[in-house]
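Here the structure is laid out as C-alpha cells; the discussion comes afterwards.
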Protein chains: 2
Amino acid sequence: MYDFVSFEIKKAKELGEVPVKLLESFRNLTQRGKGVRSGLICLGYRACGGKDIEEITKTSIFMEIFHSGILVHDDFMDRDDLRRGFPTLHKEFETVGKNLGVTMPLDHYGNSVAVCLGDVAFYLSWKILINSKFPKDFVSEAANIYCDHIVRVGLGQALDLTVTDVSKRNEKDLLSVLLTKSVEYTSSAPLLIGAALAGETNKKKLKALENYAKCFGWAFQIQDDLLGMFGTEEELGKPIGSDLREGKNTLLMLYLSKMGTRKHLKIQKELMGKENVTGEDVMKMREILKESGAYDYVKNMGLKYLKEGRTYIPIITKDENLREIFDSLITYVMERSK
Amino acid sequence: MYDFVSFEIKKAKELGEVPVKLLESFRNLTQRGKGVRSGLICLGYRACGGKDIEEITKTSIFMEIFHSGILVHDDFMDRDDLRRGFPTLHKEFETVGKNLGVTMPLDHYGNSVAVCLGDVAFYLSWKILINSKFPKDFVSEAANIYCDHIVRVGLGQALDLTVTDVSKRNEKDLLSVLLTKSVEYTSSAPLLIGAALAGETNKKKLKALENYAKCFGWAFQIQDDLLGMFGTEEELGKPIGSDLREGKNTLLMLYLSKMGTRKHLKIQKELMGKENVTGEDVMKMREILKESGAYDYVKNMGLKYLKEGRTYIPIITKDENLREIFDSLITYVMERSK
C-alpha cells in the first residue's frame, strides 16, 4: 500500500510542493489504518475458493485507500481535530497554508485541500481495482458492488448530517443511516467484493455471506458507538465527546430517547450537538445511558447479532481454518466491547 | 443522462428526503451543463473509427456526471454563490438545512452535504463507465486515462488554492496548474478516453489527437480566463469578480505581473484575493490588463494555439465530416473570445 502511494508521490513531484505534502500526509494516514476492510475482502475471496493470495492482498488495498480518503472528508464534516491520534488533514493544512503564506481564510484552505485529497484518494483507489489481474468480469462485478455501496455511503452521510435531533427521528430512519454508512460499508461491501473477485455465483453461499456480514457489521457498529461514548481518547484516537458534539445518531441515543425518564430526555436534548462539550458532560451522558437501561439494551443487541452471525459460518465455508477466522472476528468485536 | 440520475433518485427514496433532494438538485445542475466533455469523448471515439454511436453517447455521460460533481466541490472551495445562473449546491442546502432544523452551523452543513454529493457523483460516474458495453479491455484503458487525469486535477486544484499570490510564482508552476486542472482535463482526457473506447492503438494518430487536444485545451482555457475577467454575470453564470476574489491564477495575471508598470503591480497586489471585490475593482483590473499589454498578449497566445491545433486535424482523421467538426471546435473557441 505504501509502495503504491509512494509511487504516486514520486509522480506528483513535477506538480509541486503541496501535492507532494498532501500525498505524504495521506500515506501517513493510511499507514495508521487497521486494515479491517482489506482483510475482509481477502477473507471473502478465500471463503469463495480464491487461490491467488498475492493478487487479492494487493488488490484489496483499494478499499483502504478509499477509506482513508473518505475519513479525510468525514473529519472535515465532523470538524474533528484528531484522527488516529494525529492532527486531521484539514487541521494540519491550516498550518501548512499559514507557512506558505496562503491568503484565503486558513480554515477554509485546510478544508478545501482536504476535500481535494479525498477526491484524489478515490481515484487512486480505482486505479488499483481496475488494474488488478483478476478476470475482467469479476473486476467489473466487484466494481459494481463498490459503486453501489459508496453511493449509499455518501447519501447516508448527508442524511446523517441532517438528522442531529435524534428525538425527532423514528427507529427506521436511524437504522437506515447506520445500515448504509456503517454496516453495509464496513462489512457487506468488502466481503461481497472479495466473493466477486473470486467469481462466486452460488446464491446460497452469497446470501449466507451477506447475512454474516450484516450481523458482524451491526455488532461492530454498536461496539463502535459504545466506544465512542465510553472509550478513552487513546482508544478512540480522537477527542472523547466528539460523537456527542456532532450529535451523532447512535442506537444508544435512540434508545435513550425511547427509554429515558423526563429528566434523562432533558439532559439528552441539552447535550446532543452542544458546541463545547466538556468532560463533565460526557460523564453525565454516560450516567444516564446506564441509568435508563439504554446501555444494557444496546449492548445486548450487539451480542445477539454476534450470536446470529456465528450461525451462518458453516454455510459460508467448509474450510476449518477459514471458519475459525470468521469466528475469531466475532470474538474480536466482543472483546473490544465496553 | 437525466434518466440515469432519475433512476438513482428513485432508488434513494428508501433512504429519505435529503438524499432525494440532493440528487434532484444534482440533476438540475447536470441538465444545465454544456456537455463539452461528453461531446469530445464521442468525437475522439468517432475519429478513431468507433461505430456504436448509441453506446458511446450513453457512456460519454460518465464524464458529465463527474464534471457536475467536481463543480459542486469547486464551488464550495471557491465560495461561489452562483453556478450556471442558479444558487450553488452548498448555498442551496444552507436554506434546506435551515428549513429542516439542522443544528450545526448552516454554512458548514451546506458545505458538508455538497462534498457528500460530489463524492456520490464520482461513483455514479464510475457506474456508467464500468457498465458500458464496449470490450472490457477498452473500458479498462479508458478507466486508466480517467484515473490518471483526475488524480492530477485534484492535486492541481490543491496547488491552485495554495498559490494565490501570482507575483511569487514562476511561469512554469502556473502553466503546470493550468495544464492539469484545465487543459488535460477538459480536452485531452475526453478525446483520449474516446479513442480508448474505440480501441485505438495507432501511436501517430493518438499523438496527433493529444497535440490537438492540448492546443484546443489551452485556447479554451485562455478564453475562459478572458471571459472570467471581461465577461458579464450572464455570460459567466456566476458573479463577475469571482476570479479576482479567489485570486485565480490565470495567464492574464501572470503576464500582468511580468509586463505591468510599478503602478499596475501595486493595483494587482491590492485586488488579487481581495475578500470584497466591487464592480469598480473589476473595472480597474480590466483597464490595467489592457494598458499593460497583458490582455493582447494572452489573447494572441490563444489564437496561436488555435492555429497550431488546426494543423493536427489531417493526421487525426480522413473523414471530411469529422475534420469539419474538429475545425468548428476551434472556430467556436474563437467566437466566444472577448
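The values are calculated or read from the model by the stated rules, or taken from the named source; none is laboratory data. For clarity, every value in this text was computed on a predicted model and none was experimentally measured. Neighbour counts run over all protein chains shown; Cβ positions are idealised from the backbone, glycine included.
Structure summary
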item	result
Complete set of residues in the range A:11-45 that are part of a helix (DSSP H, G or I), surrounded by fewer than 17 Cβ atoms within 10 Å (Cβ to Cβ) and within 14 Å of chain B (Cβ to nearest Cβ)	A:Lys11, A:Glu17, A:Glu24
Test: B:Glu55 is under 16 Å from the mean Cα position of the chain (by Cα), of a type in the set (D, E, K, R), within 24 Å of B:Glu210 (Cβ to Cβ) and modelled with pLDDT of 95 or more	no
Subset tally (residues that are over 23 Å from A:Gly49 (Cα atoms) and surrounded by fewer than 23 Cβ atoms within 10 Å (Cβ to Cβ)) for the range A:182-217	1
Any chance A:Ile65 is in contact with a Leu (Cβ under 9 Å, 6 or more places away or on another chain), farther than 23 Å from A:Ala158 by Cα, crowded, with 21+ Cβ neighbours inside 10 Å and touching a residue at least 24 places away in the same chain (Cβ under 8 Å)	no
Check on B:Ser182, more than 8 Å from every other protein chain (Cβ to nearest Cβ), at negative phi and modelled with pLDDT of 95 or more	no
Subset of the range B:140-161 (residues that are in contact (Cβ under 8 Å) with a residue 12 or more places away in the chain and either of a type in the set (D, E, K, R) or more than 7 Å from chain A (Cβ to nearest Cβ) (or both))	B:Glu141, B:Ala142, B:Ile145, B:Tyr146, B:His149, B:Arg152, B:Val153, B:Asp160
Residue match in the range B:41-49 (condition: within 30 Å of A:Glu171 (Cβ to Cβ) and out of contact with any Leu (no Cβ under 9 Å at 6 or more places or on another chain))	no
Subset tally (residues that are within 14 Å of chain B (Cβ to nearest Cβ), surrounded by fewer than 16 Cβ atoms within 10 Å (Cβ to Cβ) and part of a helix (DSSP H, G or I)) for the range A:241-295	2
Hits in the range A:1-34 - residues which are aromatic (Phe, Trp, Tyr) and more than 21 Å from the chain's Cα centre (by Cα)	A:Phe4, A:Phe7
Some residue of the range B:128-135 being buried (at least 21 other Cβ atoms within 10 Å of the Cβ), facing another protein chain (nearest Cβ under 8 Å) and modelled with pLDDT of 95 or more	yes
Any hit, the range A:99-110, residues being within 8 Å of chain B (Cβ to nearest Cβ), more than 30 Å from A:Ile53 (Cα to Cα) and among the hydroxyl-bearing types (Ser, Thr, Tyr)	yes
Residues (among the hydrophobic types (A, V, I, L, M, F, W, C) and touching a residue at least 60 places away in the same chain (Cβ under 8 Å)) located in the range B:236-255	B:Leu251, B:Met253, B:Leu254
Helices (runs of 4 or more DSSP H) lying entirely in the range B:84-162 (those with 3 or more residues that are within 18 Å of the chain's Cα centre (by Cα))	B:106-130, B:136-162
Candidate set from the range B:46-62 (those that are in a helix (DSSP H, G or I) and of a type in the set (Asp, Glu)); member that is surrounded by the most Cβ atoms within 10 Å (Cβ to Cβ)	B:Glu55
Every residue from the range A:304-333 that is exposed (fewer than 14 other Cβ atoms within 10 Å of the Cβ) and touching a residue at least 24 places away in the same chain (Cβ under 8 Å)	A:Asp319
Given (1) more than 8 Å from every other protein chain (Cβ to nearest Cβ); (2) modelled with pLDDT under 95; (3) closer than 24 Å to A:Asn276 by Cα, index of the condition A:Leu71 fails	(2)
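Every residue, every condition in (1) polar (S, T, N, Q); (2) without any contact (Cβ under 8 Å) to a residue 40 or more places away in the chain; (3) in contact with a His (Cβ under 7 Å, 6 or more places away or on another chain); (4) within 30 Å of B:Pro105 (Cα to Cα), yes or no:
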position: A:Val18; (1), (2), (3), (4): no, no, no, yes
position: A:Leu43; (1), (2), (3), (4): no, no, no, no
position: A:Thr59; (1), (2), (3), (4): yes, no, no, no
position: A:Gly69; (1), (2), (3), (4): no, no, no, yes
position: A:Asp74; (1), (2), (3), (4): no, no, no, yes
position: A:Arg83; (1), (2), (3), (4): no, no, no, yes
position: A:Thr88; (1), (2), (3), (4): yes, yes, no, yes
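Each row is one residue, and each column tells you yes or no for (1) of a type in the set (A, V, I, L, M, F, W, C); (2) within 14 Å of chain A (Cβ to nearest Cβ); (3) in a loop (DSSP other than H, G, I, E, B); (4) touching an Asp or Glu at 6+ places or on another chain (Cβ under 8 Å).
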| position | (1), (2), (3), (4) |
| --- | --- |
| B:Asp173 | no, yes, no, no |
| B:Ser187 | no, no, no, no |
| B:Ala195 | yes, no, no, no |
| B:Lys205 | no, no, no, no |
| B:Gly217 | no, no, no, yes |
| B:Asp224 | no, no, no, no |
| B:Leu227 | yes, no, no, yes |
| B:Pro239 | no, no, yes, yes |
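Okay, residues lined up against (1) out of contact with any His (no Cβ under 9 Å at 6 or more places or on another chain); (2) at pLDDT 95 or above; (3) within 30 Å of B:Lys203 (Cβ to Cβ):
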{"site": "B:Pro239", "(1), (2), (3)": "yes, no, no"}
{"site": "B:Lys274", "(1), (2), (3)": "yes, no, no"}
{"site": "B:Arg286", "(1), (2), (3)": "yes, yes, no"}
{"site": "B:Lys290", "(1), (2), (3)": "yes, yes, no"}
{"site": "B:Gly293", "(1), (2), (3)": "yes, yes, no"}
{"site": "B:Glu308", "(1), (2), (3)": "yes, yes, yes"}
{"site": "B:Tyr312", "(1), (2), (3)": "yes, yes, yes"}
{"site": "B:Leu322", "(1), (2), (3)": "yes, yes, yes"}
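Rundown of residues vs (1) buried (at least 24 other Cβ atoms within 10 Å of the Cβ); (2) more than 7 Å from chain B (Cβ to nearest Cβ), yes/no style:
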| position | (1), (2) |
| --- | --- |
| A:Arg84 | no, yes |
| A:Lys91 | no, yes |
| A:Ser112 | yes, no |
| A:Gly118 | yes, yes |
| A:Phe138 | no, yes |
